[in-house]
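Report on the structure given below.
The values are calculated or read from the model by the stated rules, or taken from the named source; none is laboratory data. If you're wondering where the values come from, they're calculated on a predicted model, not measured in any experiment. Reconstructed Cβ throughout: ideal geometry from the backbone, glycine too, with neighbour counts over all protein chains shown.
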Amino acid sequence: MRVSVDWQRCEGHGMCANAAPELFALDDEGELRLLQDVVPEELSRRAETAVRMCPVAALGVER
Amino acid sequence: MKRIVIVGASLAGVTAADALRMQGHEGPITLLGEEPHAPYARPPLSKAVLAGREPPEAVMLPPLGDDVEVRVGARVAGLRLERRAVVLDGGEQVPFDGLVVATGARARSLARPGQRGEHLLRTLDDARALRDRLEGRPRVVVVGAGFLGMEVASTCRTLGLDVTVVDREPPLVRLLGDALARLVTAAAVDNGVRIEISRAGATLVGRDEIRGVELADGRVLDADLVVSAVGDLPNVEWLSGSGLAAAGGPLVVDRRCRVAPGVVAAGDVIAMRADDGTVGRTPHWASAVEQSHVAAAALLHGEAAAPLTPSPYFWTEQFGLEIKLCGRPPAAGSRPQVTDGSLAERRAVLQWIDDGRPVAAASVNHRMPVGKLKRLAAPAPAATAAIA
């Protein structure tokens with residue numbers, strides 16, 4: 001599974017960083033950083049959860 | 001706790017299912033949704049979907065994994081708390097060990113019995129029906145100048161329609177404070193919206209088919225299409241026999257989103273009792289997400305779960321303005337500081353100070369990560385520690 005960010009849409013809400021801190025983090029400025037785009041199997045639910053709760057639909061996953 | 005039933009298949013319910021799994025619940029989870037659709041996001045309904053910029057399917061949330069049973073078109077009729085079962089329309093009983101109430105709210109209606117043609121906007125089907133009507137280029141009157149009413153008016157103007165908005169109060173003042181509300185109102189007027197203030201309320205006119213809105217001064221605004229956007233009502237009627245919620249709701253929860261042993265709740269259906277005893281609703285996306293996480297943790301871990309410290313946050317897009325607001329602007333009269341940009345240019349960062357402490361912050365057409373805006377809105381950490 002791979003996760004992607006639409007950087008035009010992302011506004012740094014940070015809900016993905018709460019859902020999947022192994023994959024997403026906010027930097028000191030509050031901007032999103034994608035820590036890894038290849039999602040290990042054990043993190044796939046967290047990745048999908050992050051996609052669902054993004055308020056601006058900026059995230060996607062592909063298997 | 002073995003079997004968990006979540007009633008309500010919108011953002012709060014879906015997030016609760018995700019959170020239960022993430023926090024280690026391995027037993028069955030059943031998500032019951034009243035609407036015929038799979039779970040979807042509501043914020044685009046009044047904006048991109050209504051404007052026709054996005055197809056209705058674009059709002060569907062990515063589907064839950066197959067370790068959650070999702071049942072759509074399953075309307076709950078009641079709760080048998082002593083038997084630990086939810087009763088569906090038609091009488092089927094769905095047993096549970098733990099229950100998450102996420103039944104949301106429905107739009108308030110102003111139509112009298114027998115009056116036809118009032119449009120509301122809450123569900124995907126509402127949005128489809130309204131969008132279809134807008135294609136006929138009607139003269140529109142929107143009753144209610146809150147976020148939803150103003151967003152609908154804005155979308156109607158982008159479609160070139162004739163729009164009047166009616167409310168008892170000037171638009172958005174209670175939600176955004178004087179200064180920001182005035183800015184939005186000016187943008188609405190610049191965009192060609194007429195705003196009518198009718199302090200004693202307004203009534204829908206028409207014996208059968210609604211054909212306008214009558215103001216308190218007796219004037220009638222003729223309309224081909226009337227949209228009521230006058231708030232929402234928590235969906236608690238199905239709980240009436242259980243003693244959990246008073247008639248008219250909302251469902252009051254503690255700071256861990258608990259209602260009763262083995263019963264938690266989250267989303268638009270709830271009001272949270274704060275430590276000072278006050279009870280408040282925050283029916284917004286971010287609140288639904290944070291409440292669902294706390295509710296899931298409290299259902300699994302009880303008192304050991306961390307209580308929720310609400311951080312109210314919401315956004316709106318209307319009349320060329322993209323506004324994000326953290327915290328609550330203080331009551332009327334308090335002027336925010338402009339920390340960047342300017343109100344005159346309609347591009348600014350605002351901060352409200354009350355009693356020497358920051359209490360709210362907003363960005364207007366100004367890209368700023370939400371975390372940064374929240375820091376502008378919150379007291380310094382030392383002050384927070386002193387309160388706690």
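Just one of the listed residues (B:D275, B:D268) is part of a loop (DSSP other than H, G, I, E, B), assigned by TED's automatic domain parsing to the domain that holds B:G78, surrounded by 21 or more Cβ atoms within 10 Å (Cβ to Cβ) and out of contact with any Leu (no Cβ under 7 Å at 6 or more places or on another chain), and it is B:D268. All of (1) at negative phi; (2) in a loop (DSSP other than H, G, I, E, B) hold for A:A57 with one exception: (1). Residues in segment B:285-293: is at least one out of contact with any helix residue (DSSP H, G or I) (no Cβ under 7 Å at 6 or more places or on another chain), buried (at least 19 other Cβ atoms within 10 Å of the Cβ) and of a type in the set (D, E, K, R)? Yes - at least one qualifying residue is present in segment B:285-293. Looking at A:E42, is it assigned to a loop (DSSP other than H, G, I, E, B) and over 20 Å from B:Y313 (Cα atoms)? Considered against the rule, which asks whether it is assigned to a loop (DSSP other than H, G, I, E, B) and over 20 Å from B:Y313 (Cα atoms), A:E42 comes out as no. Taken over segment B:49-58, the residue count meeting the criterion of being closer than 19 Å to B:F147 by Cα and surrounded by fewer than 19 Cβ atoms within 10 Å (Cβ to Cβ) is 1. In segment A:20-46, the qualifying residues are those that are buried (at least 18 other Cβ atoms within 10 Å of the Cβ), facing chain B (nearest Cβ under 10 Å) and not charged (D, E, K, R), and the one that is nearest to B:A12 (Cα to Cα) is A:A20.
Just one of the numbered conditions (1) modelled with pLDDT under 95; (2) surrounded by fewer than 17 Cβ atoms within 10 Å (Cβ to Cβ) is not true of B:P307: (1).
The rows are residues; the columns are (1) in contact (Cβ under 8 Å) with a residue 12 or more places away in the chain; (2) surrounded by fewer than 19 Cβ atoms within 10 Å (Cβ to Cβ); (3) of a type outside the set (K, R); (4) assigned to a helix (DSSP H, G or I).
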{"position": "B:L64", "(1), (2), (3), (4)": "yes, no, yes, no"}
{"position": "B:R112", "(1), (2), (3), (4)": "yes, yes, no, no"}
{"position": "B:A129", "(1), (2), (3), (4)": "no, yes, yes, yes"}
{"position": "B:D132", "(1), (2), (3), (4)": "no, yes, yes, yes"}
{"position": "B:G149", "(1), (2), (3), (4)": "yes, no, yes, yes"}
{"position": "B:L176", "(1), (2), (3), (4)": "yes, no, yes, yes"}
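Residue count for segment B:11-45, restricted to those that are surrounded by 24 or more Cβ atoms within 10 Å (Cβ to Cβ) and within 12 Å of chain A (Cβ to nearest Cβ): 11. Do you know which of the residues in segment B:238-253 that are surrounded by fewer than 16 Cβ atoms within 10 Å (Cβ to Cβ) and part of a loop (DSSP other than H, G, I, E, B) is farthest from the chain's Cα centre (by Cα)? So, considering only residues that are surrounded by fewer than 16 Cβ atoms within 10 Å (Cβ to Cβ) and part of a loop (DSSP other than H, G, I, E, B), the one farthest from the chain's Cα centre (by Cα) is B:G243.
Among residues of segment B:88-106 being in contact with a helix residue (DSSP H, G or I) (Cβ under 9 Å, 6 or more places away or on another chain) and surrounded by fewer than 21 Cβ atoms within 10 Å (Cβ to Cβ), the one that is farthest from B:R75 (Cα to Cα) is B:P95.
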